[in-house]
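Asker: Before I ask anything, here is the structure I am working with.
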Amino acid sequence: MTVRLVFIFVVLLSAVLNAQDTNTDTRLRLAQAYEQAGQFDKAEVIYRELIKTQPLNNVIAELLNKNLISQKKYNESIELLNQKINQSPNDYNLYGLLGSTYFIMDQSEKAFESWEKGIAINPSSYIGYRVIANYAIENRAYEKAIDILKRGKKVSGDPMIFSVDLANIYAANMKFTDAATEFCSLIEVHPEQVQTVKARIISYLNRPGASEQTINSIKEYSESKSQIELFDLLTFVYQSSDDYKDAFENVIEIEKKFKVNGTYVFLFAQDAYRNKQFNWASEAYNFIAKNYLTSPYYQMSKIGYAKTLEAALDQKFLESNDSWKPFIKYEPLFTEEYKKIINAYEEFITTTQGNAVNIEALFRIAEIYRTRIFDYQKADSLYKKLSQTSPNTNYDIQSNIALGEIAIQRDSLDTARNYFQKSLSSKRIEPNDLSKVNFYLARIEFWQGNFSKSVSLFRTASQNLSTDFSNDAIELMAIITTTKNDSLNLTLYAHADLLAIQNKYKQAAIEFKTLSDHPNLFVLNDFAKIYFSEMLLTENDIQTAINTLEEITKNGNNSIFGEKATFLLAECYQYGIKDLQKAAQIYQKLLETFPNSLYFDRAREALNSIPTKNG
C-alpha cells in the first residue's frame, strides 16, 4: 500500500513539473516574440514574472538582463546582477555580465573591478581567466583582455588555452609581430598545432604590414628555438607572401639543420608547381635530384623536374597562341626545347627501369608529340605501347581517348569510335573523361548523319554541367532537335563541324558561310554564322568576325546563339582589338540580358578581370 502511494505521488509530481516546464517554455517563446517585434517592455514583464517563480534559474535572469540592456535600463541590470551574485557568488558569468553593463555605461573602472572579482573567485584556476577574458573581448576591451589572457596563460602553464585568442586580438589591432610571437610560443609547446596556426595567419596576412612583421617575428623566434615546425611556418608565410626566393632558401636551411632527406624541398616544389611558380619548382626538384640520390623523393623529383620544364614551356606555347579563340590554329613552336624535355623523360625512363612512374613519363612524351610537335605517327605508337603495357589504368583510358582524337584527325571515324568505346568500358574512368568520351561518340554519330542516336549521347554527355563539354553538347542538341526535319542542310552543317575539328578551317569556313547565307534556314543559319565567325577568328580576320557577331546579337537576344554570340563578341573586343571598355559593356549586357546563361559565370569572371577607368 505504501509503495503504491509513493508511486502515485511521483507520477503526480512529474505531471506538475512537466506542466511547469511546458508553461515556462511557452512564456519564454512569447517573451522572445515580443522582443522580435520590438516590444521589450512586454517581454520584460514576462521575464520578471518567471523569475519570481524560478529565482534560481540563471537562464531566465540572463534573458531579463539582456532585455534590460536593450532598453538601456542599466541601473536595473546592475541591481538584478548583484542580486544574482548574492545568490551565486561563485558564478564567473554573473561578474562578466555585471562588468559588461558597467562597460556599456562607460564606467570602465567599475567594469574592470567586476571582472577582477570574477577572477578572484579562484585565481589559481585558468577557467575564470578564460570566461572573463571572453567578456572583455565581446566588449572590445582589448587591452584588458590581453592582460587577463596573459595572466591566465601564466597560471595555466599551457599556451594552447590562451595563445590563439591573444594572437587574434593582436592581429585585430594590427600588432602582427606580437601575434606571430604568440603563435610561435604555441607551436613551441604544441608543434602539432602548426596547421591551425597557418590557417589563422593566412586569414590576415594580406593586411598592410602583416607579411613583413610576421616574417620578421617568426625568423627571430626560430633563430633561438631550433624547431623544425617553426622553420616550416616561416616557409609557409614566405610562400603565402609570394616570396618564393626566400622560401626556397629557408627549406634548404631546414635540410641542413634537420637532415630530413629532401622532404621539405619536395613539399616546396609541389606547392610551387601548383601555384605555377615553375622556375622555383624546377630549382627545388633539381636540387633533390642532385643532392639526395637515396631520398624516397629522388625519382619523383626527376620526373617532377621534367614536368615542370614542360609546364613552363607550355605556358610560353599557349601565350604565343590565341588561347581565347574557340578554335586555335596550333603550329609547332619551341620544337627543339620540347625535344630536350622529351630527352629528360627518356633519361628518367632509362635510369629507372621497371618503375611505375615510367608510365607517366612515357605518357608525357606521347602528349608532347601529339599536342605540341604534332607528330601524330610517333604519338600514335607511344599511346598504343602505353595501352598494352598498362591496361585498366588511367593511362590506358587517356591513351585510348588520345588515339580516338588522332583517328578523327585522320578522318577514320569508325576507328575513333572503337578507341572511345574501349576507354568507356573501363570501370576506372573518371566523370570528366566519361563526359568527354560520350561527347566524342555523340559527335561521331552526328558527323555520320545518325542524328537521333547522337541526341541521346549528347544528352548523356551534358548531364555533368561542370565539364568542359556540357555547353557544346547542349548546343549541338539544340541544333539537331530544331532542324531535324531538314536533314540535308543538317548533314552539311555536320560536315562543316567535322572539318573544323580536323583543323581544316578554310574549308569549314566556306561551308559555314554557305549555310549562313541561306535566308530560309532560320536557327541553323545563325549557328552557322557563329561558327563562320569562329573560323574567321582562327584566320585572324577579327573585324569581319565582329561584324558577323554583331549582326547575330541584334537579332538573337532570346536564343542560345544570342548568348554565345554576345560572349564571343566581348572576347573579340577584349583580346582581338584590345578595346577593354567596349568588351566590359558587352559582358555587362550578357549578364543583364541572359541571367541564366551558360556563359554567365565566365562573363562575370571576365568582367571582373577588366580594369575600370579608375584602375
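Throughout, read-outs are computed from the coordinates displayed, never taken from laboratory work. Keep in mind that what you see is a predicted model, and the values were worked out from it rather than measured. Note: ideal-geometry Cβ built from the backbone for every residue, glycine included; neighbour counts use all protein chains shown.
Asker: Kindly indicate whether any position in the stretch 552-571 is under 26 Å from the mean Cα position of the chain (by Cα) and in a loop (DSSP other than H, G, I, E, B).
Answerer: Within the stretch 552-571, not a single residue is under 26 Å from the mean Cα position of the chain (by Cα) and in a loop (DSSP other than H, G, I, E, B).
Asker: Any residue in the stretch 541-556 that is farther than 15 Å from L590 by Cα sitting within a Cβ distance under 6 Å of a residue that is of a type in the set (G, A, S) and part of a helix (DSSP H, G or I)? List the pairs, counting only those 6 or more apart or interchain.
Answerer: I542/G576; A545/S533; T548/S533
Asker: Which ones in the stretch 112-127 are farther than 18 Å from N86 by Cα and either among the polar types (S, T, N, Q) or crowded, with 16+ Cβ neighbours inside 10 Å (or both)? Explain how you work it out, then say what you get.
Answerer: At the first step, the residues of the stretch 112-127 found to be farther than 18 Å from N86 by Cα are 112, 123-127.
Listed by number, the residues that qualify are F112, S124, S125, Y126.
Asker: Suppose we filter I368, I397 for residues that are within 25 Å of N471 (Cα to Cα), touching a helix residue (DSSP H, G or I) at 6+ places or on another chain (Cβ under 9 Å) and part of a helix (DSSP H, G or I); which single one remains?
Answerer: So the residue among I368, I397 that is within 25 Å of N471 (Cα to Cα), touching a helix residue (DSSP H, G or I) at 6+ places or on another chain (Cβ under 9 Å) and part of a helix (DSSP H, G or I) is I397.
Asker: Residues in the stretch 172-188: is at least one surrounded by 22 or more Cβ atoms within 10 Å (Cβ to Cβ), without any contact (Cβ under 8 Å) to a residue 40 or more places away in the chain and hydroxyl-bearing (S, T, Y)?
Answerer: At the first step, the residues of the stretch 172-188 found to be surrounded by 22 or more Cβ atoms within 10 Å (Cβ to Cβ) are 176, 179-180, 182-184, 186-187.
With the extra rule that they be without any contact (Cβ under 8 Å) to a residue 40 or more places away in the chain, the set shrinks to 179, 182, 186.
Adding the requirement that they be hydroxyl-bearing (S, T, Y) leaves none.
Scanning the stretch 172-188, I find no residue that is surrounded by 22 or more Cβ atoms within 10 Å (Cβ to Cβ), without any contact (Cβ under 8 Å) to a residue 40 or more places away in the chain and hydroxyl-bearing (S, T, Y), so the answer is no.
Asker: While we're looking at this one, here's another question. If I filter the stretch 355-376 down to residues being buried (at least 18 other Cβ atoms within 10 Å of the Cβ) and small (G, A, S), which single residue comes out as nearest to P296 (Cα to Cα)?
Answerer: A361
Asker: Oh, and also: Quickly run through the stretch 18-76 and pick out the residues that are under 44 Å from the mean Cα position of the chain (by Cα) and among the basic types (K, R).
Answerer: Answer for the stretch 18-76, where residues must be under 44 Å from the mean Cα position of the chain (by Cα) and among the basic types (K, R): R29, K66.
Asker: Then there is this: Counting only residues that are of a type in the set (A, V, I, L, M, F, W, C), more than 26 Å from K117 (Cβ to Cβ) and part of a helix (DSSP H, G or I), how many does the stretch 27-82 have? Outline the logic, then answer.
Answerer: Narrowing the stretch 27-82 to residues of a type in the set (A, V, I, L, M, F, W, C): 28, 30-31, 33, 37, 40, 43, 45-46, 50-51, 56, 59-61, 63-64, 68-69, 78, 80-81.
Okay, now just the ones that are also more than 26 Å from K117 (Cβ to Cβ), so 28, 30-31, 33, 37, 40, 43, 45-46, 50.
Next cut, part of a helix (DSSP H, G or I) only: 28, 30-31, 33, 40, 43, 45-46, 50.
Within the stretch 27-82, residues that are of a type in the set (A, V, I, L, M, F, W, C), more than 26 Å from K117 (Cβ to Cβ) and part of a helix (DSSP H, G or I) number 9.
Asker: Restricting the search to the stretch 97-109, which residues are closer than 14 Å to Y135 by Cα, over 42 Å from the mean Cα position of the chain (by Cα) and not aromatic (F, W, Y)? Steps first, answer last, please.
Answerer: Our first condition is that a residue be closer than 14 Å to Y135 by Cα; within the stretch 97-109, this holds for 97-104, 108.
Filter again for over 42 Å from the mean Cα position of the chain (by Cα), leaving 98-99, 101-102, 108.
Passing the criteria: L98, G99, T101, S108.
Asker: Another question, then. Can you pull out the residues in the stretch 55-69 that are surrounded by 14 or more Cβ atoms within 10 Å (Cβ to Cβ) and either touching a residue at least 12 places away in the same chain (Cβ under 8 Å) or of a type in the set (V, I, T) (or both)?
Answerer: Within the stretch 55-69, N58, I60, A61, E62, L63, L64, N65, N67, L68, I69 qualify.
Asker: Across the stretch 378-419, which residue is farthest from the chain's Cα centre (by Cα) among those that are among the polar types (S, T, N, Q) and within 17 Å of N503 (Cα to Cα)? I'd like the intermediate steps shown before the answer.
Answerer: Residues of the stretch 378-419 among the polar types (S, T, N, Q): 381, 387-390, 392-394, 398-400, 409, 412, 415, 418.
Checking which are within 17 Å of N503 (Cα to Cα) leaves us with 409, 412.
Values: Q409: 36, S412: 40 Å.
If we take residues in the stretch 378-419 being among the polar types (S, T, N, Q) and within 17 Å of N503 (Cα to Cα), then S412 is farthest from the chain's Cα centre (by Cα).
Asker: Which condition breaks for T467 when tested against (1) closer than 14 Å to F527 by Cα; (2) β-branched (V, I, T); (3) buried (at least 16 other Cβ atoms within 10 Å of the Cβ)?
Answerer: (1)
Asker: Hey, another quick one. Just for the stretch 83-96: of the residues that are in a loop (DSSP other than H, G, I, E, B) and over 48 Å from the mean Cα position of the chain (by Cα), which one is nearest to K110 (Cα to Cα)? Spell out how you get there, then give the answer.
Answerer: Here is the first cut: in the stretch 83-96, the ones in a loop (DSSP other than H, G, I, E, B) are 88-91.
Narrowing further to those that are over 48 Å from the mean Cα position of the chain (by Cα): 88-89.
Values: S88: 20, P89: 18 Å.
It comes out as P89.
Asker: Kindly indicate the residue of the stretch 387-417 that is within 23 Å of E445 (Cβ to Cβ) and among the acidic types (D, E) and also surrounded by the fewest Cβ atoms within 10 Å (Cβ to Cβ) among those meeting that condition.
Answerer: D414
Asker: Report whether or not E138 is more than 22 Å from S70 (Cα to Cα) and surrounded by fewer than 20 Cβ atoms within 10 Å (Cβ to Cβ).
Answerer: Working: more than 22 Å from S70 (Cα to Cα): no; surrounded by fewer than 20 Cβ atoms within 10 Å (Cβ to Cβ): yes.
For E138, the condition - more than 22 Å from S70 (Cα to Cα) and surrounded by fewer than 20 Cβ atoms within 10 Å (Cβ to Cβ) - is not met.
Asker: Given the criterion farther than 26 Å from I137 by Cα and surrounded by 17 or more Cβ atoms within 10 Å (Cβ to Cβ), identify the matching residue among I78, I51, I85. Working first, answer last.
Answerer: Details: I78 fails: farther than 26 Å from I137 by Cα; I85 fails: farther than 26 Å from I137 by Cα.
After applying the criteria, what remains is I51.
Asker: With the condition being farther than 30 Å from I546 by Cα, I'd like the helices (runs of 4 or more DSSP H) fully within the stretch 424-531 carrying at least 2 qualifying residues. Quick ask: steps written out before the conclusion?
Answerer: Working: elements: 431-447, 451-461, 470-483, 487-501, 505-516.
Here the list reads 431-447, 451-461.
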